[in-house]
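Engineer: Got a structure for you, written out below as structure tokens; questions coming shortly.
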Amino acid sequence: MKTKLLFNILLYLSLIFLVVYLYRLNVDEVKGLDVNVLYLLVSLLFLWGGFYLSTLSWWYVLKKHNINISKRTSLKSHGLSVFAKYIPGKIWVVLGRAAKATEQKYSVKTASFASLKEQLLYVWLGLLISALPLFLYRGIDIFSISVSVLFVGISFINFSDKFRIFVIWSLKKVLKKDIEIPHISFKKNLKLLVYIFIYWTSWIIAFYFLSLSLYPDTTVQIGFIFPLSVTIGLLAVIVPGGIGVREGIMVTFMVLSGMPVEIAVSISVVSRIWYISGELFIFLSAVFVKKSN
């Protein structure tokens, strides 16, 4: 009962914060754009497909932790909590879907641990994929070095027991509370990495076609800017949903690729609305599944 109440509170809070964000969104930047409708539809197909594939990744990581729910329940728990990222504090992204997935008989703590594990691998793989635009457009500078150090740090946290224990000990000393970070075996999680890689790939293709729909001279490499902007935005803990961070990174790298500033800014704004359409797709899919039970 408490788990269900917690999830319902998170659900309504996330919708409130989403409405606030949409109200503040500046759409003046996207007026007067020429849009290739065919490419835009292709981008939406891959975007929405990636969101559906992410529910399968969530189902699989729960299964690995002996939480045996159906793929329909996985879609429902993932989809209904998708807007939790707009609530300040990234913990709600991890906790929201875990609370919904365990309403009946499973441990919320175990599901939250599984959720955190997938999020850590999601960020790690996103940063790895981001190496292409990072060094192609910036070369070796303070930003690329910082992101590289961040990637190495997350790699050690994910896959090195000694480093993970040291980080836990350090956080405990600073925060004066027990912190748990899941142990991740690279070998044992290869299949999970494949699931995550597949939906990252779907989103990279989606972003390329989105950019192509607005700027015909878009190069294939532009698609790889998306995982970089999303992962850095996700790691910006204070900012709900990575608001502003994601767009700033997108604009910077698109301009470095040779795209006019005005077009780059427009694409970054459109990408927010475009990405929310994917979140709305998986949310409504979850509502449909819930109603049809």
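Engineer: Run the accessible area of region 122-249 with a 1.4 Å probe and give the carbon-and-sulfur part as a rounded percent.
Structural biologist: Numbers: 4650 of 6310 Å².
Here it works out to 74 percent.
Engineer: Under a point spin-label approximation (7 Å from Cα along Cα-to-Cβ), what is the residue 35-residue 291 distance to one decimal in nm?
Structural biologist: 2.5 nm
Engineer: For residue 177 and residue 284 in the same chain, what is the full-extension length gain: residue separation times 0.36 nm, less their Cα-Cα distance, in nm? Before the final figure, lay out the partial values.
Structural biologist: Working: separation 107, 0.36 × 107 = 38.52 nm, distance 3.83 nm.
So the chain would gain 34.7 nm between residue 177 and residue 284.
Engineer: Over 15 Å apart: what share of the alpha carbon pairs of region 148-205 falls there, rounded to a whole percent? Each step should come with its number before you reach the end.
Structural biologist: Numbers: 1020 of 1653 pairs.
Taking all Cα-Cα pairs of region 148-205, the fraction more than 15 Å apart is 62 percent.
Engineer: Show me 245-253, 221-229, 273-281 ranked by packing, highest mean number of other Cβ atoms within 10 Å first. Show your work: numbers first, answer last.
Structural biologist: Working: 245-253: 21.0, 221-229: 24.3, 273-281: 17.4.
Ranked from most to least packed, the peptides come out as 221-229, 245-253, 273-281.
Engineer: Probe 1.4 Å, all protein chains in place: accessible area of residue 292 in Å², nearest 10?
Structural biologist: Looks like 60 Å² after rounding.
Engineer: Give me the one-decimal nm value for the distance between modelled label points at residue 70 and residue 155, 7 Å along each residue's Cα-to-Cβ direction.
Structural biologist: 4.2 nm
Engineer: For an R0 of 51 angstrom, estimate the FRET efficiency from the Cβ-Cβ distance between residue 142 and residue 56 and round to the nearest 0.05.
Structural biologist: On the way: r = 38 Å, r/R0 = 0.75.
Computed FRET efficiency for residue 142 and residue 56 comes out at 0.85.
Engineer: Sticking with this structure for a sec: Near residue 64, within a Cβ-to-Cβ distance under 9 Å, what is the net charge of the other residues, with Lys and Arg +1 and Asp and Glu -1?
Structural biologist: Working: positive: 63, 117, 188, 191; negative: none.
Taking every Cβ under 9 Å from that of residue 64, the sum is +4.
Engineer: If I model a spin label at residue 165 and residue 191 as a point 7 Å from the Cα along the Cα→Cβ vector, what separation in nanometres do I get?
Structural biologist: In this crude label model, residue 165 to residue 191 measures out at 2.9 nm.
Engineer: Counting only the heavy atoms of the protein chains, how much of residue 39 is accessible to a 1.4 Å probe, in Å² to the nearest 10?
Structural biologist: Residue 39 exposes around 80 Å² with every protein chain in place.
The values are calculated or read from the model by the stated rules, or taken from the named source; none is laboratory data. Keep in mind that what you see is a predicted model, and the values were worked out from it rather than measured. Reconstructed Cβ throughout: ideal geometry from the backbone, glycine too, with neighbour counts over all protein chains shown. The accessibility values were calculated without ligands, DNA or RNA, using every heavy atom of the protein model including side chains. Shrake-Rupley method; radii C 1.70, N 1.55, O 1.52, S 1.80 Å.
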